[in-house]
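Student: Below you'll find the structure I mean.
The values are calculated or read from the model by the stated rules, or taken from the named source; none is laboratory data. This one's a predicted model, so the numbers in the text were calculated from it and none came from an experiment. Cβ: placed from backbone, ideal geometry, glycine included. Neighbour counts: every protein chain shown. Surface areas here come from the heavy atoms of the whole protein model, side chains and all, with no ligands, DNA or RNA. Shrake-Rupley method; radii C 1.70, N 1.55, O 1.52, S 1.80 Å.
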Amino acid sequence: MRGSPTAKLSFVLALGLSASLGLIAATPALAQSGGDQGPVPLLRLPMSPADEPAASPAPTKGAPQGIEEESLSGVGADARGVLDPGSGGLGADLWAGTTRPVAERLVALLPGRSSAAGLDLARSLLLSTARAPKNGPGHEGLLMAARVTALWRLGDAEAAVRLSEVVPGTQEGPLARPAVEARLAAGQTEAACRLAGAARRAEPFWQKLAAVCALAEGNEAPANLALAVLREQGEDDPAFFALAERLAGLSVPLPDSLPAPSLLHGVLYRLLEAPLPEDALGFAAPGWLLALAAENPGLEPERRLAVAERAVAAGALAPARLRTLYGMVELSPEERQMAPEAVPATSRGRAILVQRAGAETLPAPRAVLWEKALTAAAGSPAGDALAAALEPELAELTASIDLVWAAVPIAQGLYAAGRPDLGVTWFATASSWTRARDTARDAAARLLPYTRLAGQPSHWTPDALENWQTATAHAPETADHAAATLLALLASVGQMPTAGDRLLTLSAERQPAEVPSALVLGDLARAAAAGRRGETVALALIALGPEGGRAEPAVVATVIEALRKVGLEAAGRRLAIEAARAAGA
């Protein structure tokens, strides 16, 4: 399919707007879904009653920096949270205009992995203190249970634990299992077992957990009893039995394959400090599993490092932890002396360059090594993870004309790490020397789009796109697609490209990628137009899927426009920068 970026974006929007009905039907037992089931299929959903545009769709900078006590007094579990508007929450009216079944189902449909910007957006949605939807049938506590489950599945188990703690009596009701799962995913096995002690039921999950808790405490008798009960009930989970018996000290081989591990499988691997099978950490691995595997010393070091990079790119592992893991790699004498250009573009290669840069005391030698590492990984999730891990060190490097040759990877890394305030200093330095040095001119041309995506003051001249194309020097087979992506993203954040710019990319080839259901895009457009903030954010995350800001560019642009309509421009800009880096812009 060939056409301009505007045509491509219009095509995707048209698909969404052509859907006249919503997504899904009723929500069955969300709290009990946990992490043991596959993705929930998209079904048909009754739309929220009001589709007309709202007068005030989102909070402004002048909004109250907290929730009024009287507005949420006597709230139930579903309204509780840990973020108010002053701390990143989306406001008490987050779910205004959305029915309870729709809210519950949308939260349950959130993907199990996203990007760092996507997970930040999900945190704002799921951790917000907000009035629960009052209209429509529903069970008190199901929405909270879905929120806790979504958080730990995405990889932020500690936030899920914090959220579960705001509700008293979590050992009862819909939150019982999600509260336990959150602690298991966070590595708090002892706390999870204590909480489960008052909540154990007859379902297989609780019987399995009883065995895991007993084995973790070294009590083999109750563990064997629980395993025997499971076998009598006909539980078909050979991997769980093998792992449990191995933890009990039996000489049982570990599973050779485990394409869809459950949370309890992951916990057993962590307790055993054993490496997960290769297929367990494939492309579809959820955020919680990546975070868990990154902390498993049983993984081979280079494999663990690669998993940690994926976890940071998904927002499921703290960047500082990745920086520590880079430092833990043992380098050979040859690796310590290797020329930077000879270092391979692998996880281990990045560890080599990071360690050697850390040993340098002067800015220029450090910049040489960082430039090599960041450039080699540019456009990949590993590149975003590396930038996030290096952010404190990159922030200490002062932009100067002497280092302008490294301005592009360093500034782009800072933008990716959420530091546009520092990224723009490299653009300003390069811009002031464009007439004197070719490297400065090219750096300014390549960084100009990032200043626009970040909402910073800059001037888009008639030849800006052509200068950018010349400076990036993309291969012919990718140049038009990269330009089309950039223009679509600029348009989505309100920086509409000129007619001349659009003509330069009329032949852009669209890359094959998954596009979300037209129902999702249609519901997203309607929710944003009506100012239903919570619904818009949830549908945006569903549309982006597990790749977050690295999803199909036209979809990312559609999502950004929807977020702008409900006042979430900053979140949209972060997604735009992720998408620009993924496209090689």
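Student: Check off (1) touching a helix residue (DSSP H, G or I) at 6+ places or on another chain (Cβ under 9 Å); (2) open to solvent by 30 Å² or more (accessible area, probe 1.4 Å); (3) part of a helix (DSSP H, G or I) for His265 and give me the number that stays unchecked.
Tutor: Result: His265 fails condition (2) only.
Student: While we're looking at this one, here's another question. May I ask you to list the residues in the stretch 132-156 that are out of contact with any Leu (no Cβ under 7 Å at 6 or more places or on another chain) and at pLDDT below 95?
Tutor: Selection gives Pro133, Lys134, Asn135, Gly136, Pro137, Gly138, His139, Glu140, Leu143.
Student: I need the full set of residues from the stretch 111-157 which are closer than 19 Å to Leu90 by Cβ, of a type in the set (Lys, Arg) and assigned to a helix (DSSP H, G or I), in order please.
Tutor: Arg123, Arg147
Student: Also, I was wondering about something else. Among (1) open to solvent by less than 10 Å² (accessible area, probe 1.4 Å); (2) over 20 Å from Gly549 (Cα atoms); (3) under 29 Å from the mean Cα position of the chain (by Cα), where does Leu465 come up short?
Tutor: That leaves (3) as the condition not met.
Student: Pick from Gly548, Gly567: which is at pLDDT 90 or above, of a type outside the set (A, V, I, L, M, F, W, C) and open to solvent by less than 10 Å² (accessible area, probe 1.4 Å)?
Tutor: Values: Gly567 fails: open to solvent by less than 10 Å² (accessible area, probe 1.4 Å).
Testing whether each residue is at pLDDT 90 or above, of a type outside the set (A, V, I, L, M, F, W, C) and open to solvent by less than 10 Å² (accessible area, probe 1.4 Å) leaves just Gly548.
Student: Scan the stretch 178-198 and report the pairs whose first residue is in contact (Cβ under 8 Å) with a residue 40 or more places away in the chain and whose second residue is surrounded by fewer than 19 Cβ atoms within 10 Å (Cβ to Cβ), with Cβ atoms within less than 6 Å and a gap of 6+ or a chain change.
Tutor: Cβ pairs passing all conditions: Thr189/Ala216.
Student: Given the criteria within 22 Å of Glu569 (Cβ to Cβ) and in contact with a strand residue (DSSP E or B) (Cβ under 9 Å, 6 or more places away or on another chain), does Gly118 qualify?
Tutor: Working: within 22 Å of Glu569 (Cβ to Cβ): yes; in contact with a strand residue (DSSP E or B) (Cβ under 9 Å, 6 or more places away or on another chain): no.
It is false that Gly118 is within 22 Å of Glu569 (Cβ to Cβ) and in contact with a strand residue (DSSP E or B) (Cβ under 9 Å, 6 or more places away or on another chain).
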